Amino acid sequence: MSSDRKHADLGRISIYDIETDKIQLSSEDLQLKEHTGYDDEHLKRLKYLFQQITGPQRTTLDTEHFESAVRSMCRSLTESHEAHRLAEILFQAYDKNTNGSIDFPEMIDFVWTVVDAPREEQIVGLYQAFQNSYEKLSKERLIEFITILKEDFQPNASLAQKKTQGQMKSLHTDEDIQHRVDECLSYYHHPSDGLNLTQVIEYFLGRNDPLINQIRTRSNARKARYKKKNRK
């Protein structure tokens, strides 16, 4: 998902207009640097914006405020008729402790993964967030996944010319995405347990796309990081 890193925000406020001298980061906040590209100053600005949304009496986001923030950052959601439902799915995916709210570390995980991370990290991160306890994505989850990252899955000219997959339409509408996902599942003979990330990438971007190796590397790194975290 494309973004303007100079104007990444949680409410359409430029982060570089924010004074950070009085903003404090906890030890948990500082650990966020391990799996994002944010430095201390950037985290402080994001924390300020997060606090502006939660208000003085709260430290977490409910579904309504999370959806408002997500809509301001994710253009693909505002273009989809399913924006409200997709925001709810993202809320569930990033509510890691399942307490019914999004805290600051969970929000930063979302902002980094879906907005600011390198393209391959966005794809891997969102795929893993959507997996839950499953190894593959069902048709419904795959449609949601492609809808949110549709800019990353637009067909390139060389792939569209392949006879095995025909002329691939660009992904502009919800109907385009539904059609392409149906084609993708048909191409793999409608597996009952869904598709893994490699299958999705190979179909939408082509087997020779250099992104595949980058995604494998990112995926293995994230798995190793979460295993290490769970052992603590």
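The values are calculated or read from the model by the stated rules, or taken from the named source; none is laboratory data. Remember, it's a predicted structure, so these values are computed and weren't measured experimentally. Virtual Cβ from ideal backbone geometry, glycine too; neighbours counted across all protein chains shown. Protein only, heavy atoms only, side chains kept; ligands, DNA and RNA dropped before computing areas. Shrake-Rupley method; radii C 1.70, N 1.55, O 1.52, S 1.80 Å.
Among Met107, Met73, what's the order by accessible area (1.4 angstrom probe), most exposed first?
Numbers: Met107 0, Met73 25 Å².
Correct descending sequence by accessible area is Met73, Met107.
Arrange the residues Ile123, Ile53 by how much accessible surface each exposes, largest first, with a 1.4 angstrom probe.
Ile53, Ile123
Is segment 25-94 rounded, prolate or oblate when judged by the Cα gyration tensor, a ≥ b ≥ c being the square roots of its eigenvalues, rounded requiring a/c under 1.5 and prolate requiring a/b larger than b/c?
In terms of gyration-tensor shape, prolate.
Of the cross-linked pairs Lys47/Lys136; Lys47/Lys150; Lys47/Lys139; Lys44/Lys139, which ones have a Cα-Cα span greater than 30 Å in the structure shown?
Beyond 30 Å: Lys47/Lys136; Lys47/Lys139; Lys44/Lys139.
Per residue, what accessible area does segment 36-84 have, given a 1.4 Å probe and all protein chains present, in Å²?
52
Within 11 Å, Cβ to Cβ, of Asp95, how many net charges do the neighbouring residues add up to if Lys/Arg are +1 and Asp/Glu are -1?
Numbers: positive: Lys96; negative: Asp62, Glu88, Asp103, Glu106, Asp109.
Its environment carries a net charge of -4.
How big is the accessible area of Thr60 in square angstrom, nearest 10, if you roll a 1.4 angstrom probe over the protein chains?
Solvent-accessible area, nearest 10 Å²: 30 Å².
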